[in-house]
1. Let me spell it out: the conditions are (1) within 22 Å of the chain's Cα centre (by Cα); (2) within 15 Å of the ligand (Cβ to nearest atom); (3) at pLDDT below 95; (4) of a type in the set (Phe, Trp, Tyr), and residue 153 meets all of them except one. Which number is the exception?
2. Within 14 Å of the ligand (Cβ to nearest atom), free of Cβ contacts under 8 Å to residues at least 60 places away in the same chain and closer than 19 Å to residue 249 by Cβ: is that true of residue 159 in this structure?
3. Mind listing whichever residues of segment 218-240 are of a type in the set (Ser, Thr, Tyr) and under 26 Å from residue 69 (Cα atoms)?
4. Could you list, in sequence order, all residues of segment 84-101 that are open to solvent by less than 60 Å² (accessible area, probe 1.4 Å), over 18 Å from residue 137 (Cβ atoms) and either in a loop (DSSP other than H, G, I, E, B) or without any contact (Cβ under 8 Å) to a residue 40 or more places away in the chain (or both)?
5. Within segment 95-137, which residues are under 26 Å from residue 61 (Cβ atoms) and of a type in the set (D, E, K, R)?
6. Checking the conditions here, which among 246, 253 is open to solvent by less than 20 Å² (accessible area, probe 1.4 Å) and either away from the ligand (no atom under 16 Å from the Cβ) or touching a helix residue (DSSP H, G or I) at 6+ places or on another chain (Cβ under 9 Å) (or both)?
7. When residues of segment 103-141 are filtered for being open to solvent by less than 10 Å² (accessible area, probe 1.4 Å), over 10 Å from the mean Cα position of the chain (by Cα) and away from the ligand (no atom under 16 Å from the Cβ), how many remain?
8. In segment 145-181, what residues are within 24 Å of residue 219 (Cβ to Cβ) and surrounded by fewer than 16 Cβ atoms within 10 Å (Cβ to Cβ)?
Amino acid sequence: MLRWMIVLSGLATLLAAQAEQPGYDDTPKLVRFDGTELPWRVHDRVRMRPPKVVAECVRAPAPMDSILLFDGTNLDSWRSGQSAARWKVEDGLALAGGGDISTAEQFLDLQLHLEWRAPSEDKKEGQARGNSGVFLMERYEVQILESEGSVTYADGQAAALYGQWPPLVNATAPMGCWNSYDITFRAPRFKKEGSLDSAARVTVLHNGLIVQNNREFFGATAHRALPRYAAHGAAPLRLQDHGNPVAFRNIWVRKLVDETDSIPR
Ligand code: MG
């Protein structure tokens, strides 16, 4: 009897705690455009609330839930193939050289911040001047290029989705200045048999301006060829060495979890 009273009292406490949560339990369930019912009600009382991550009024350069990939001290989070990253780190900067580098960690959807500076290479032009790149999932390139004082094809300049989409505007800072990229990336989804379910999408802010607005990648980046998709899972982030000593600083990433991925389709 006592045991039952304890159980009932625990249940009552749980229900009371739940009832105190803001929200509703008598609203309709959300329905996707294709008719699939989602597990959550409109204003669902028990839907998981996002964790709080900003604890201070001052915005820190790297948010507390981010993964710091380069803070100026070392490239321990990066690899050159199976070995330690070969890029030089000096004066708080990482300099491209010695081949591409990739993160040891693999990512799906993400928010990425990085800052880059093109070297002074006045005698070079176009794709030969300050070329590097951010390869999302090692496949989808957001171009890095000195594009303030040098001209190249539209879909090859800074902040282009290389070979696919030029940026909306050219926001490249003058040579010698730092540029920032803030990238939101949604990884492609593939069906079980390997065909594409939804394309990769990206939003890019270049020096604070939106230059790619939820753009769709047509496939993995290719040079003078059509981009295509081939099914893959989580993958590292890769920075390109294109033969120009482009400098990098302040690189951090936040993993983004999409709760709809857990819904069977
Ligand atoms: Mg490049």
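The values are calculated or read from the model by the stated rules, or taken from the named source; none is laboratory data. Please read these numbers as outputs of a predicted model, since none were measured by experiment. A quick note on method: Cβ atoms are made from the backbone with ideal geometry, for glycine too, and the neighbour counts reach across all protein chains shown. The protein model used for the area step is the full one, side chains on, heavy atoms only, and it has no ligands, DNA or RNA in it. Shrake-Rupley method; radii C 1.70, N 1.55, O 1.52, S 1.80 Å.
1. (1)
2. Yes: the conditions hold for residue 159.
3. Residue satisfying the conditions is 221 alone.
4. Across segment 84-101, the qualifying residues are 85, 87, 89, 92, 96, 97, 98, 99.
5. Correct list: 100, 105, 109, 115, 117.
6. The unique qualifying residue is 253.
7. Qualifying residue count, segment 103-141: 1.
8. Answer for segment 145-181, where residues must be within 24 Å of residue 219 (Cβ to Cβ) and surrounded by fewer than 16 Cβ atoms within 10 Å (Cβ to Cβ): 153, 154, 155, 168.
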